[in-house]
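These notes are about the structure you will find just below.
Just so you know, all these numbers are worked out from the coordinates, no wet-lab data involved. Since this is a predicted model, take the numbers as computed values, not measurements. Glycine gets a Cβ as well: all are built from the backbone with ideal geometry, and neighbour counts include every protein chain shown.
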Amino acid sequence: MSRILLAPMEGLADDLLRGVLTDIGGYDWGICEFVRVSNTLLPTKTYERICPELLNGGKTRTGTPMRVQLLGSDPHFMAENARRLVTLNPAGIDINFGCPAPTVFRHRGGSALLGEPELLNEITSAVRAVVPAHIPFTAKMRLGIDDTSRAIDCAQALQAAGINELIVHGRTKTDGYRPPARWEWIDKVRDAIHIPLIANGEVWTLEDFRNCQQATGCADIMVGRGAVADPLLARRVRGEATGGWQEILPSVATYWLGVRKKVVPVHAGGRLKQWLAMMRRNYPEAEVLYQRLRPIKGAADIDAAMIEEGLVTQEQLAA
């Protein structure tokens, strides 16, 4: 049976959204947003803030394991931070060699290291030395910075460093998130290594999922923005019956209640609108709700609209 995995999505899928997506179900495990490692040893509270699932045995409230992702370029500090992370009993540890964000790239993080397979190996070997064998250890990479010429070198360097599995996003840093994903290159990487490879990139529908499997030769697929745009996608892939928008709607309410507790009011509405905007491509009802909320700025006014729509109650908001 293929595994369906939830991708790390910086600035999009925080613990609240991971929680509602895994409540809906269908995911075997996922990866949280990255923990940025610089030249310091981070306190425990940093890991628990970015991945609160650590306070619940490394799992979401409905039991989906959530691995912690580290991002950095210094082998020593990556290893020392991994050593501390291990004491928190994470569901797994992943290293980010794929983030294309300009700020991360400028500070030699994420995809910026894909031109240096030797450094990838050095970082990953240092982390491998402190991660016990019982904790799953993976890396996630893109195909390169400007081109794919070193993709296989990078994958082989990570394999040699001792990761258990490799996740490949089928784009370069320069590609950003523009379609199409280069699935054929994931297949080339898969053919050049002997550890399991997980494909990632441009999977929005059940048809995309099957096509990605066929093109990459990978049974296991990691889904990112497609999971946010269609919270029922993983269950569709599994052939389960789904209830459409009416099944998603309670999760929209749960998400808003969580956002109101976690996010300062001035930013709260933007979080909900961001998710609704992504779901518009699949659900006309999301478009209707998005347009209803779009002009409303204040969080309290969105509360009132959500109450009027029958999605939440005053008692829930006050709890």
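Just the number, please: percent antiparallel of the DSSP beta bridges in the chain, rounded to the nearest 5. Could the numbers behind the result be given before it?
Values: 1 of 29 bridges.
Around 5 percent of the beta bridges assigned by DSSP in the chain are antiparallel ones.
Order the peptides 193-205, 304-316 from the highest to the lowest mean number of other Cβ atoms within 10 Å of their residues.
Values: 193-205: 20.5, 304-316: 14.0.
Most protected by this proxy first, the peptides run 193-205, 304-316.
Using +1 on the beta carbon of Lys and Arg, -1 on that of Asp and Glu, and nothing else charged, what's the dipole of segment 4-237 about the Cα centre, debye to 20?
On the way: 25 positive and 27 negative charges, 77 e Å.
Dipole size: approximately 360 debye.
Determine the gain in length on full extension of the stretch Lys273-Gln314; use 0.36 nm per residue of separation and subtract their C-alpha separation, reporting nm with one decimal.
Fully extending the segment from Lys273 to Gln314 adds 12.7 nm.
With only Lys, Arg, Asp and Glu charged, each at its Cβ (+1 for the first two, -1 for the last two), find how big the charge dipole of segment 1-122 is about the Cα centre; round to the nearest 20 debye. Walk me through the numbers on the way to the answer.
On the way: 12 positive and 14 negative charges, 49 e Å.
For this selection, approximately 240 debye.
Of Tyr47, Leu233, Tyr27, whose Cα points farthest to the positive end of the dipole of the chain (charges on the beta-carbon: +1 Lys, Arg; -1 Asp, Glu; origin at the Cα centre)?
Going by the Cα projections, it comes out as Tyr47.
Be a star and scan segment 243-267 for residues whose amide nitrogen sits under 17 Å from the point 7 Å along the Cα-to-Cβ vector of Asn56.
250-263
List the relative contact order of segment 245-318 as a percent without decimals, with contacts defined as Cα pairs under 8 Å and 6+ residues apart.
Here the relative contact order equals 33 percent.
Take the alpha-carbon centre of segment 19-33, take the same for segment 243-277, and report the distance between them in whole Å.
Cα centres, segment 19-33 to segment 243-277: 16 Å.
Within 10 Å, count the other beta carbons around each residue, average over each peptide in 176-183, 68-75, and list them highest first. List each step's numbers first, then the result.
On the way: 176-183: 14.9, 68-75: 22.6.
Going from most to least packed, we get 68-75, 176-183.
Above 29 Å lies some portion of the pair distances; for the chain, what is it as a whole percent of all C-alpha pairs?
Values: 18703 of 50721 pairs.
Roughly 37 percent, rounded to a whole number.
What angle do you read, to the nearest 10 degrees and between 0 and 90, between the alpha-carbon axis of helix 206-216 and the longest principal axis of the chain?
0 degrees
Put +1 on the Cβ of each Lys and Arg and -1 on the Cβ of each Asp and Glu in the chain; which of Pro295, Ile93, Val264 then has its Cα farthest toward the positive end of the dipole?
Of Pro295, Ile93, Val264, it is Val264.
Take the Cβ-Cβ distance between Asp191 and Thr103 as r, set R0 to 41 Å, and report the resulting FRET efficiency rounded to the nearest 0.05.
Numbers: r = 34 Å, r/R0 = 0.84.
About 0.75, to the nearest 0.05.
Just need the relative contact order of the chain here, percent rounded to a whole number, with Cα pairs under 8 Å and 6+ apart. Don't skip to the end; give the middle numbers.
Values: 597 pairs, mean separation 44.0, N = 319.
Worked out over the chain, it gives 14 percent.
In degrees between 0 and 90, to the nearest 10, how far off the longest principal axis of the chain does helix 265-279 point, with axes built from Cα atoms?
80 degrees
Set the Förster radius R0 to 45 Å, insert the Cβ-Cβ distance between Gln291 and His76 as r into 1/(1 + (r/R0)^6), and round the FRET efficiency to 0.05. Each step should come with its number before you reach the end.
Details: r = 51 Å, r/R0 = 1.14.
Efficiency, from the Cβ-Cβ distance: 0.30.
Once the Cα atoms of helix 183-192 and of the chain are each reduced to a long axis, what angle between those two axes, in degrees from 0 to 90 to the nearest 10, is obtained?
40 degrees
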